[in-house]
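The values are calculated or read from the model by the stated rules, or taken from the named source; none is laboratory data. Everything numeric here is computed off the predicted structure, so don't read it as measured data. Cβ: placed from backbone, ideal geometry, glycine included. Neighbour counts: every protein chain shown.
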2 protein chains.
Amino acid sequence: MTIHDLDTPALVVDLDIMERNLRRMAEYAAQHNLRLRPHTKTHKIPALGAMQVALGAVGLTVAKSTEAEVMVNSGTPDLLIAYPVLGVKKLERIKALTKRVKITVSVDSVEVAQHLADAGLEVGVLAETDAGLGRVGVEPGQPLVDLAKAISAMPGLTFEGIAFYPGHIKSTDAAGMTALSNLGDLLTSIRAQLTQADIEARIFSGGSTPTMWHSHEVAGLNEIRPGTYIFNDRNTVFSGACQVEDCAASILCTVVSTSVKDQFIIDGGSKTFSSDLAKQPGHGWVVKYPEALFAKMNEEHGYVSMAGAKSSVKIGERVRVIPNHICVAVNLHEKVYGVRGETVEVVWSVDGRGKLQ
Amino acid sequence: MTIHDLDTPALVVDLDIMERNLRRMAEYAAQHNLRLRPHTKTHKIPALGAMQVALGAVGLTVAKSTEAEVMVNSGTPDLLIAYPVLGVKKLERIKALTKRVKITVSVDSVEVAQHLADAGLEVGVLAETDAGLGRVGVEPGQPLVDLAKAISAMPGLTFEGIAFYPGHIKSTDAAGMTALSNLGDLLTSIRAQLTQADIEARIFSGGSTPTMWHSHEVAGLNEIRPGTYIFNDRNTVFSGACQVEDCAASILCTVVSTSVKDQFIIDGGSKTFSSDLAKQPGHGWVVKYPEALFAKMNEEHGYVSMAGAKSSVKIGERVRVIPNHICVAVNLHEKVYGVRGETVEVVWSVDGRGKLQ
């Protein structure tokens with residue numbers, strides 16, 4: 001099967017680029033002695049999780065308990081559920097999984113930790129702190145020490161360290177590098193406070209996509225959980241963390257209409273790409289037509305503006321589009337097609353698609 | 001099973017409201033002698049398509065050939081694929097479906113019509129015209145007459161009329177009503193041009209959600225294809241086409257963190273709601289807390305701003321959120337739960353989810 005046989009829209013991954021992305025991150029983590037626990041929210045495919053583990057990842061990360069049920073099929077020995085897990089059904093799922101794989105959960109409240117302990121779970125726990133994003137995580141300082149203490153005292157729970165997500169650092173410009181340096185100071189002070197309280201934190205787990213190649217410059221950080229790096233996307237390029245040539249995933253679309261002047265319509269819209277925006281206008285890059293602007297979307301229509309489109313772009317023509325945000329785009333597709341050149345080498349089912357609970 | 005047994009996030013539909021919405025539209029169409037061919041992109045559930053047909057819809061509408069494969073299971077006698085269909089696999093699917101149901105396709109180019117005819121399809125065809133949105137559709141006037149003529153001459157294709165989507169009319173304020181009146185003039189002139197060319201157009205199919213209750217005021221319009229009305233959403237309320245009380249669908253979420261002052265985090269973000277925006281700030285209405293602003297999203301986190309949230313909103317509490325755009329939200333969920341009061345009366349699988357081809 002070749003790429004020409006695919007029905008569109010189709011999410012296509014260039015295997016050469018993907019494998020290079022995977023190796024580069026594995027080498028970076030090994031070189032700097034960082035534990036690598038890739039977040040699988042980007043691909044949601046157990047076979048790709050298995051590749052990450054084969055390349056040296058210590059484990060994998062998921063956000064939800066149903067994603068964990070899927071990702072255990074990668075054969076990973078270790079799964080981090082980086083989310084405050086609440087709800088009886090979720091705990092039942094996790095309890096069943098603990099018989100197959102080591103599970104760690106990140107929590108940011110005594111309530112959630114107690115909920116895990118009350119259910120008789122035997123899991124590792126990371127205490128989540130807010131490093132500046134203002135999403136989840138208790139304040140560093142006494143609240144974090146108190147949470148770590150509470151977790152350490154609960155039966156079944158093993159306190160393993162600290163988790164955070166510095167999503168507020170959007171790039172590695174001068175301001176970003178200062179923020180990373182401050183983050184190192186913060187981790188150093190957290191470690192000192194925990195030591196003083198006689199609590200051992202083995203793991204300091206953090207990192208974000210825009211700052212991924214600077215993780216080793218953050219003092220005290222010893223685990224990273226990058227996700228997007230396997231495929232990369234338009235927003236990763238804008239953040240400075242990769243080049244366009246590192247974008248492994250694109251969506252193959254067909255031009256279905258050229259009725260309107262200086263515009264063509266592709267057979268993918270918000271149900272194919274998601275409506276996530278980017279730092280610059282446009283819903284993606286049309287690889288073949290760099291001068292085109294993917295200006296607007298409806299659910300199943302993509303509006304691409306291009307001077308002279310009607311004469312130069314033909315109905316039935318196929319174009320590849322690099323999306324703004326690959327993680328939400330993959331979640332919209334039943335299958336991902338792995339290609340080498342024009343050959344479709346592998347078809348993966350997106351088993352973790354829509355696993356929201 | 002009650003609503004309290006549902007694992008979150010869960011897409012919940014109030015059956016009383018949904019049934020009222022369905023009846024209201026069926027009665028409106030019957031009263032004004034409008035053919036009703038509801039667009040099923042909103043619910044993607046065959047059982048709901050069957051309800052629409054049982055209430056008098058002449059057929060159902062889909063956007064994609066794979067959606068048609070799903071929606072034929074509703075038992076509808078008639079399916080409109082309101083999309084320029086291009087591609088060998090799509091035509092194979094449609095050809096198989098024509099043995100089970102009457103299929104009509106809307107096309108806006110001779111190329112696509114020829115593609116259907118060359119494949120030996122026997123289908124009805126609507127010629128799509130651009131009524132002002134600038135998406136698909138040939139220009140009204142000679143280009144439309146030429147397209148209708150070409151379709152009429154092709155073997156296997158039965159020219160049935162005109163399709164358009166007036167998505168540029170966003171509300172029924174004074175400007176909107178003038179635009180609707182102009183639309184009627186346009187349809188009248190199209191009918192005259194076709195008659196003069198000795199072409200009979202049986203169907204004039206159009207309409208949009210914001211203008212749905214004014215369809216009978218558009219001269220010449222005899223078929224409507226509303227979709228969102230079955231559930232409604234925040235954007236439908238903003239357009240003036242329904243009240244908040246008419247919103248049948250909401251997403252049940254759990255508060256998972258209150259760590260940050262004046263904010264709580266729910267267990268749904270862009271992978272649960274979609275990132276579609278609305279006319280006003282916010283990603284949805286938190287029903288229980290009208291003073292709250294659903295200000296921000298990540299993939300699995302919803303940030304809800306509310307003064308005093310930390311003390312008044314508890315971890316583990318459940319809230320229902322009416323999304324901005326229900327059509328894209330349903331597409332993210334494996335199941336939809338139909339509830340009456342607190343009882344879960346029916347669980348539907350979203351069979352059309354992710355059917356992009």
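Considering only the stretch B:98-137, state which residues are more than 23 Å from B:Gly207 (Cα to Cα) and among the β-branched types (Val, Ile, Thr). Result: B:Thr98, B:Val101, B:Val110, B:Val112. Within the bounds of the stretch B:226-238, is there any residue that is surrounded by fewer than 22 Cβ atoms within 10 Å (Cβ to Cβ) and assigned to a helix (DSSP H, G or I)? Among the residues of the stretch B:226-238, at least one is surrounded by fewer than 22 Cβ atoms within 10 Å (Cβ to Cβ) and assigned to a helix (DSSP H, G or I), which makes the answer yes. Within the stretch B:18-41, which residues are in contact with a Leu (Cβ under 9 Å, 6 or more places away or on another chain) and outside any helix (DSSP H, G or I)? Passing the criteria: B:Leu34, B:Leu36, B:Arg37, B:Pro38, B:His39, B:Thr40. Of the candidates B:Val287, B:Val255, B:Val244, the single residue that is at the interface with chain A (Cβ under 10 Å from one of its Cβ atoms), β-branched (Val, Ile, Thr) and either surrounded by fewer than 24 Cβ atoms within 10 Å (Cβ to Cβ) or out of contact with any strand residue (DSSP E or B) (no Cβ under 9 Å at 6 or more places or on another chain) (or both) is B:Val255. How many of the residues making up the stretch B:4-23 are touching a residue at least 40 places away in the same chain (Cβ under 8 Å) and over 14 Å from A:Val88 (Cβ atoms)? Here the count works out to 12.
To keep it simple, each residue is scored yes or no on (1) surrounded by 24 or more Cβ atoms within 10 Å (Cβ to Cβ); (2) part of a helix (DSSP H, G or I).
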| residue | (1), (2) |
| --- | --- |
| B:Val70 | no, yes |
| B:Leu79 | yes, no |
| B:Pro84 | yes, no |
| B:Arg93 | no, yes |
| B:Val105 | yes, no |
| B:Glu111 | no, yes |
| B:Leu116 | yes, yes |
| B:Val125 | yes, no |
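Among the residues of the stretch A:296-345 satisfying the criterion of being basic (Lys, Arg) and in a strand (DSSP E or B), which is farthest from the chain's Cα centre (by Cα)? Among those residues, the one meeting the criterion is A:Arg318. Consider the stretch A:185-214. How many of its residues are over 25 Å from A:Asp173 (Cα atoms) and either out of contact with any Phe, Trp or Tyr (no Cβ under 8 Å at 6 or more places or on another chain) or not small (Gly, Ala, Ser) (or both)? Here the count works out to 13. Annotation note: of B:Ile326, B:Ile322, B:Ile315, the sole residue that is under 17 Å from B:Lys41 (Cα atoms), hydrophobic (A, V, I, L, M, F, W, C) and modelled with pLDDT of 95 or more is B:Ile326.
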